[in-house]
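A.B. asks: Take this structure, written in structure tokens, and hold onto it; I'll ask about it next.
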Amino acid sequence: MFNANHSQKKIIHIDMDCFYAAVEMRDNPEWRNVPIAVGGNGPRGVLCTCNYKAREFGVRSAMPNARAKALCPELIIVNGRMSVYQQVSEQIRAIFLRYTDLIEPLSLDEAYLDVTDSPLFYGSATLIAEQIRRDIYNELNLTASAGIAPNKFIAKIASDENKPNGQCVVAPENVSAFVADLPLKKIPGIGPKTSEKLKAYGFESCADVRASSVAKLHTIVGKFANALYQRSFGIDDRVLETKRVRKSLAIETTMAEDIDSIEQCQVILINLFSKLKQRLAKHDDRQISKQTVKIKFADFQQTTVDMQSKACIEAVFIELLQKAMTRSNNRKVRLIGLSLGFAEQQSMDNQCQLALF
């Protein structure tokens, strides 16, 4: 039997509340009490995020603009200002560094902090998290939520419990009870399709997983089975990755109008390839291992095709595009994306920081 109390680490997961939208509301007070979203404002745009007022209407991130507008006709869609968000993210990171240098950034708006050995606030992770959130609000006029727990998995789940502008503490002795009724769809790594697949086999909560076995789970979720079984008991032995290595490089575009011929798709691909090569020049120390083409069809279903490769080759991308288009079933194409996978580095000398948080 797993013992969820085996780890006494003190991990804080800080998650900014609707970060991009919050920055826009801060800088534009007239938007504070109206539904707003950040994303491309064209007819083909997709939302990056939205404020809580918009969420009351069912608006969500990654939603097409047309759908969002149908749900909330008064929705204001704002073009993103990435340079501003990056600058604010750096300010938030500077606040984190007052309390610990053990920081794992996940994106511009969230990060893990290990405060296990911190002498501040009598070593209380709860009080440290409260002060960090207070600093963020007082200095940047933004709110953040926090989860405090013995490991990364529980801390991340906990940070979502009392959003917005709240925090949740899960002490080691409370981990098992906290996790037991947790819906599997809340576990990082379990997307909608995997969640539905597990549900079809009778797995909806961590309690259901506990009553089963790794062998049974393996027939459903493959190599993720062991991690899922451990998560169901609240176990997560991962340490913070304070230095992160870029594993891929990608570029994509959504067309102004759907296209349906392979010739049109190739024109788009060649243009993307040129831009990808320019970006790759900044990472000339990395060894390429894979090329991938992604296509999203007009019905928003998508497919990817990849091939092992040691170079960025246009002809390979064209071949992959042709294979992907065989799956179109006469559907038009709305998005094309190209990506390169990088081989794992054996040395730590050339690591690059992915997020600025």
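The values are calculated or read from the model by the stated rules, or taken from the named source; none is laboratory data. Fair warning: this is a prediction, and the values are worked out from it, not measured in the lab. Here the Cβ is made from the backbone with ideal geometry for all residues, glycine too, and neighbour counts use every protein chain on show. Heavy atoms of the whole protein, side chains included, go into the accessibility calculation; ligands, DNA and RNA do not. Shrake-Rupley method; radii C 1.70, N 1.55, O 1.52, S 1.80 Å.
A.B. asks: For segment 54-101, name all the residues that are touching a strand residue (DSSP E or B) at 6+ places or on another chain (Cβ under 8 Å), part of a helix (DSSP H, G or I) and open to solvent by less than 60 Å² (accessible area, probe 1.4 Å).
C.D. replies: If the condition is that a residue be touching a strand residue (DSSP E or B) at 6+ places or on another chain (Cβ under 8 Å), part of a helix (DSSP H, G or I) and open to solvent by less than 60 Å² (accessible area, probe 1.4 Å), then ALA54, ASN65, ALA68, ILE92, PHE96 are the ones that fit.
A.B. asks: Okay, moving on. Contact list please: Cβ distance under 6 Å, first residue in segment 167-195 and within 21 Å of GLN8 (Cβ to Cβ), second residue of a type in the set (S, T, N, Q) and open to solvent by 50 Å² or more (accessible area, probe 1.4 Å), pairs at least six apart or on different chains.
C.D. replies: Sorted first by the residue in segment 167-195, then by its partner, the pairs are CYS168/ASN162; PRO172/ASN5.
A.B. asks: For THR116, which of the numbered conditions (1) without any contact (Cβ under 8 Å) to a residue 60 or more places away in the chain; (2) among the polar types (S, T, N, Q); (3) open to solvent by 30 Å² or more (accessible area, probe 1.4 Å); (4) in a loop (DSSP other than H, G, I, E, B) fails to hold?
C.D. replies: Result: THR116 fails condition (1) only.
A.B. asks: Shifting gears a bit: If you take the residues of segment 30-53 that are out of contact with any strand residue (DSSP E or B) (no Cβ under 9 Å at 6 or more places or on another chain) and at pLDDT 95 or above, which of them is most open to solvent (accessible area, probe 1.4 Å)?
C.D. replies: GLU30
A.B. asks: Right, another one. Give the residue that is farthest from LYS185 (Cα to Cα), with candidates limited to residues of segment 126-147 that are of a type in the set (A, V, I, L, M, F, W, C) and either part of a loop (DSSP other than H, G, I, E, B) or open to solvent by 10 Å² or more (accessible area, probe 1.4 Å) (or both).
C.D. replies: It comes out as LEU140.
A.B. asks: Kindly indicate whether ILE157 is more than 24 Å from ASP101 (Cβ to Cβ), assigned to a loop (DSSP other than H, G, I, E, B) and either under 22 Å from the mean Cα position of the chain (by Cα) or at pLDDT below 95 (or both).
C.D. replies: no
A.B. asks: Let me ask another. In segment 299-316, is there at least one residue being within 25 Å of the chain's Cα centre (by Cα), closer than 30 Å to MET63 by Cβ and assigned to a helix (DSSP H, G or I)?
C.D. replies: no
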